[in-house]
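Trainee: Here it is, the structure in full.
Quick note: the coordinates plus some simple rules give every number you see, no bench work behind them. Note that this is a predicted model, so its numbers are computed, not measured. Cβ coordinates were reconstructed from backbone atoms using ideal geometry, including for glycine residues, and neighbour counts include every protein chain displayed.
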Amino acid sequence: MGQLSKVPSYGGDCTGRDGGSIMRPSSKNTAVVTGASSGIGAVYADRLAKRGYNLILVARNGTKLSTLAHRLKGELDVSVQTIAADLSDKNDLGRAEAMLRSNASINLLLNNAGTGATAPLLNSDVEQMDKMIRLNVLALTRLTYAAVPGFVARGGGTIINISSIVAISPETFNGVYGGTKAFVLAFSQSLHHELVAKGVRIQAVLPGATATGFWDLAGLPVHKLPTAIVMSAEDTVDAALAGLDQGEFVTIPSLVNRAEWEQFEATRRSMSGKLSRAVPAPRYNVNKGFRQ
Ligand code: NAP
């Protein structure tokens with residue numbers, strides 16, 4: 001695996017490898033999980049609690065969050081706080097940002113809350129797209145801005161951003177959804193570039209189709225997809241955490257041949273340095289005495 005998408009070691013927030021693969025945080029570590037009331041986020045909450053993280057769970061459905069918190073506190077020696085918040089709402093988002101800025105025990109932010117759509121542009125409502133952008137892009141951005149200064153000041157932290165395979169396959173389903181997930185990937189690449197030397201670990205996760213309630217809300221029941229392309233939320237999260245443990249920067253749980261991603265990235269990176277020039281490329285025949 002190349003250096004481009006894999007960092008050499010786990011970020012500064014964990015004590016080390018346990019049993020060669022599983023990272024165990026110290027007792028003071030706290031993870032914030034957005035979209036923890038169901039699906040991928042709820043599984044992450046379970047797995048992070050099992051790794052010893054205290055949790056702060058965020059989503060709109062406070063009842064579901066409390067049920068999950070109650071179970072985790074009953075089963076494991078962790079503290080679990082819940083915050084019922086609509087992250088597409090400015091005031092609720094502000095509360096979550098304030099929590100991230102003020103709680104110095106937080107050293108992992110999982111930006112997971114998100115919604116999707118499957119209808120093409122001509123069949124989708126722009127107001128719904130607006131709300132999706134506010135959640136998938138704006139909330140993720142503002143929560144990251146709220147978390148990063150503290151992580152840098154404290155010498156480490158981890159941000160896991162849930163993107164999607166549609167980030168690199170935007171022709172699949174709704175283009176605005178693909179665009180929001182491409183933003184998550186590009187933003188994560190920039191964050192990784194900027195923050196890795198400051199001890200902040202970034203991981204972008206690109207799940208394929210995952211069996212959650214996401215699909216009903218997005219307008220295409222998951223049972224209508226071929227079963228061969230749908231992964232369980234448990235397998236998605238376990239693979240993503242294994243990718244984190246292995247030092248991956250970008251994790252695509254379902255991609256069998258990792259070299260394909262590495263090649264894709266190497267091609268992209270090889271263009272860097274050639275993308276900005278004082279004169280247009282020769283094929284456009286500009287500045288040769290002929291103007292339209
Ligand atoms: P899910 O089961 O529908 O979970 C979405 C979570 O986000 C829920 O906890 C939901 O909780 C929360 N949420 C939705 N709107 C919110 C809002 N306005 N404010 C705060 N929380 C909100 O779907 P999922 O599949 O687990 O999705 C999790 C992430 O994975 C999303 O970012 C999605 O884009 C991504 N993903 C999913 C798939 C897939 O096939 N399922 C594939 C690739 C990527 P409340 O309703 O309680 O607010």
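Trainee: Can you give the convex hull volume per residue for the Cα atoms of the chain, as a whole number of Å³?
Mentor: Values: hull volume 49.2 nm³, N = 292.
Expressed per residue, the convex hull around the Cα atoms of the chain is 168 Å³.
Trainee: If you take the beta carbon distance between LEU225 and GLN81 as r and set R0 to 41 Å, what does 1/(1 + (r/R0)^6) give as a FRET efficiency, to the nearest 0.05? Before the final figure, lay out each step's value.
Mentor: On the way: r = 35 Å, r/R0 = 0.86.
The pair LEU225/GLN81 has a calculated efficiency of 0.70.
Trainee: Further question: Please report the spacing between the Cα centers of the range 81-134 and the range 148-211 in Å, no decimals.
Mentor: 14 Å
Trainee: Using +1 at the Cβ of each Lys and Arg and -1 at the Cβ of each Asp and Glu in the chain, identify which of PRO282, ILE252, LEU135 lies farthest towards the dipole's positive end.
Mentor: Looking along the dipole axis, the top candidate is PRO282.
Trainee: Where Rh is the Kirkwood radius over the Cα pairs of the range 183-292, the temperature 20 °C and the viscosity 1.002 mPa s, what D in µm²/s does Stokes-Einstein return?
Mentor: Working: Rh = 17.5 Å.
Stokes-Einstein gives a translational diffusion coefficient of 123 µm²/s.
Trainee: In whole Å, what are the extents of the range 235-292 along the principal axes defined by its C-alpha atoms, from largest to smallest?
Mentor: In descending order, the Cα extents are 60, 17, 17 Å.
Trainee: Using helices alone, I'd like the mean residue ellipticity at 222 nm for the chain: each DSSP H run of four-plus residues gives -39500 (n - 2.57), total over residue count, nearest 500. Can you show the working numbers first?
Mentor: Numbers: 9 runs with 114 residues, N = 292.
Helix-only estimate at 222 nm: -12500 deg cm²/dmol.
Trainee: Semi-axes of the equivalent ellipsoid of the range 59-159: what are they in whole Å, largest first, if each equals the square root of 5 times a C-alpha gyration tensor eigenvalue?
Mentor: Values: eigenvalues 149, 74, 27 Å².
That gives 27, 19, 12 Å for the three semi-axes.
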